[in-house]
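*Asks:* A single structure is presented below for examination.
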Amino acid sequence: MLRQNLVHFGANAFLGENGKKLSTRQGNSIDINEIIDKAIALAQKIVEEKNPKLSEEEKLKKSAFFALQR
């Protein structure tokens, strides 16, 4: 079996864009893929600003790495 480093994020660890706690019971939750996509997009902007000469592949690798760090 392939070993992976996984991190658990508690259900009450996230706030919505309005600053309020997300709650599936109240119907205001965000899909984890949406959170990851936003984190990567924000990291891509930073990587592009700091390392504009990197290849697109390297920019994506660095963005994904930084976005998914704790």
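The values are calculated or read from the model by the stated rules, or taken from the named source; none is laboratory data. What you see is a predicted model, and the numbers here were worked out from it, not measured in a lab. Every residue, glycine among them, receives a Cβ derived from its backbone with ideal geometry; neighbour counts consider all protein chains shown. Surface areas here come from the heavy atoms of the whole protein model, side chains and all, with no ligands, DNA or RNA. Shrake-Rupley method; radii C 1.70, N 1.55, O 1.52, S 1.80 Å.
*Asks:* If you go through the range 23-34 one residue at a time, do you hit one that is touching a Ser or Thr at 6+ places or on another chain (Cβ under 9 Å) and either assigned to a helix (DSSP H, G or I) or at pLDDT below 85 (or both)?
*Replies:* yes
*Asks:* Quick test for you: out of S55, S23, pick the one residue that is among the hydroxyl-bearing types (S, T, Y) and surrounded by 10 or more Cβ atoms within 10 Å (Cβ to Cβ).
*Replies:* On the way: S55 fails: surrounded by 10 or more Cβ atoms within 10 Å (Cβ to Cβ).
The unique qualifying residue is S23.
*Asks:* If you scan the range 58-70, which residues turn out to be loosely packed, with under 12 Cβ neighbours inside 10 Å and free of Cβ contacts under 8 Å to residues at least 60 places away in the same chain?
*Replies:* Q69
*Asks:* Working only within the range 32-70, note down all residues that are among the polar types (S, T, N, Q) and within 24 Å of L22 (Cα to Cα).
*Replies:* Scanning the range 32-70 gives N33, Q69.
*Asks:* Also, quick follow-up: List pairs: first in the range 23-43 and touching a residue at least 12 places away in the same chain (Cβ under 8 Å), second surrounded by 10 or more Cβ atoms within 10 Å (Cβ to Cβ), Cβ under 6 Å, 6+ apart or cross-chain?
*Replies:* N28/L22; A39/A67; I40/S63; I40/A64; I40/A67; A43/S63; A43/F66; A43/A67
*Asks:* Give the number of residues within the range 30-49 that are under 15 Å from F65 (Cβ atoms) and either open to solvent by less than 90 Å² (accessible area, probe 1.4 Å) or in contact with a His (Cβ under 8 Å, 6 or more places away or on another chain) (or both).
*Replies:* Looking only at that region, the number is 8.
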